[in-house]
Amino acid sequence: MNEVFSEDSLRRIASQKITFRYSVRIHASCFLFVNALLFVINIVTVPDHLWFLYPVLGWQIGLTMHILLYILYARGVSPISLRSVLIHLVGYLSTMILLFSIDLDIMSVGAYSSLEWVQFPAFFWGLVLLLHIFIYLSYFRSKPSKKGEYGTKRERLIEKEMEKMRRKYKQVS
């Protein structure tokens, strides 16, 4: 379906894309500069333990989110429900990479010998993420209704509610 946009609408969209793109560039530049500086500090002060990787992975979460938001906007992924699932998924994966790397580092110095604490956020946050995906697929994904019309469950529920409200307000007036 081709939508027609006014000149003002196109200007707003272009402005937002430029703002998102500029934000990604600024954050990527800061990411590179700060983490290069941390790398130098790490190598000069404690060369036998690469602690700078933890801030790199932490900053990577924020940078990844900025890049993802830009891509979603630039590609026109407009349903907030789909954007929300993708943002949660990327946030989960990025954070788990950071937490597992910290856990592996703790194990490497002999503090304990198996994954202990990191399995809890991985498991429970993973369950919430799966619930989020299930809700998206069951409530927001377009599929045919019993009448054969395509639409989301949400759209069908809105139409049903609108019909109730029309009957109610027709009776009152």
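In this structure, is residue 23 touching a residue at least 24 places away in the same chain (Cβ under 8 Å), part of a helix (DSSP H, G or I) and hydroxyl-bearing (Ser, Thr, Tyr)? Here the answer is yes, as residue 23 does meet what is asked.
Name the residues in region 1-29 that are within 29 Å of residue 64 (Cβ to Cβ), modelled with pLDDT under 85 and of a type in the set (A, V, I, L, M), would you? Listed by number, the residues that qualify are 10, 13, 14. Taking each residue of region 146-160 that is within 21 Å of residue 81 (Cα to Cα) and looking for partners that are acidic (Asp, Glu) and at pLDDT 75 or above with beta-carbon atoms closer than 9 Å, six or more apart or interchain, yields 151/159. Just for region 134-144: of the residues that are aromatic (Phe, Trp, Tyr) and at pLDDT below 80, which one is farthest from the chain's Cα centre (by Cα)? This residue is 139. When 36, 74 are screened for being surrounded by 13 or more Cβ atoms within 10 Å (Cβ to Cβ), over 21 Å from residue 125 (Cβ atoms) and small (Gly, Ala, Ser), only 74 passes.
Table: residues versus (1) touching a Phe, Trp or Tyr at 6+ places or on another chain (Cβ under 6 Å); (2) modelled with pLDDT of 80 or more; (3) surrounded by 13 or more Cβ atoms within 10 Å (Cβ to Cβ); (4) not in a helix (DSSP H, G or I).
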position: 117; (1), (2), (3), (4): no, no, no, yes
position: 123; (1), (2), (3), (4): no, yes, no, no
position: 132; (1), (2), (3), (4): no, yes, yes, no
position: 146; (1), (2), (3), (4): no, no, no, yes
position: 158; (1), (2), (3), (4): no, no, no, no
position: 162; (1), (2), (3), (4): no, yes, no, no
position: 166; (1), (2), (3), (4): no, no, no, no
position: 169; (1), (2), (3), (4): no, no, no, no
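Could you list, in sequence order, the residues of region 26-56 that are without any contact (Cβ under 8 Å) to a residue 12 or more places away in the chain and among the β-branched types (Val, Ile, Thr)? Result: 26, 40, 41, 43, 44, 45, 46. Name the single residue that is modelled with the highest pLDDT among those in region 77-105 being of a type outside the set (Ser, Thr, Tyr) and over 24 Å from residue 127 (Cβ atoms). If we take residues in region 77-105 being of a type outside the set (Ser, Thr, Tyr) and over 24 Å from residue 127 (Cβ atoms), then 105 is modelled with the highest pLDDT.
Answer yes or no as to whether residue 67 is surrounded by 11 or more Cβ atoms within 10 Å (Cβ to Cβ), among the β-branched types (Val, Ile, Thr) and touching a His at 6+ places or on another chain (Cβ under 9 Å). For residue 67, the condition - surrounded by 11 or more Cβ atoms within 10 Å (Cβ to Cβ), among the β-branched types (Val, Ile, Thr) and touching a His at 6+ places or on another chain (Cβ under 9 Å) - is met.
The values are calculated or read from the model by the stated rules, or taken from the named source; none is laboratory data. Source: prediction; values computed, not measured. Every residue, glycine as well, gets a Cβ built from its backbone with ideal geometry; the counts of neighbours run over all protein chains shown.
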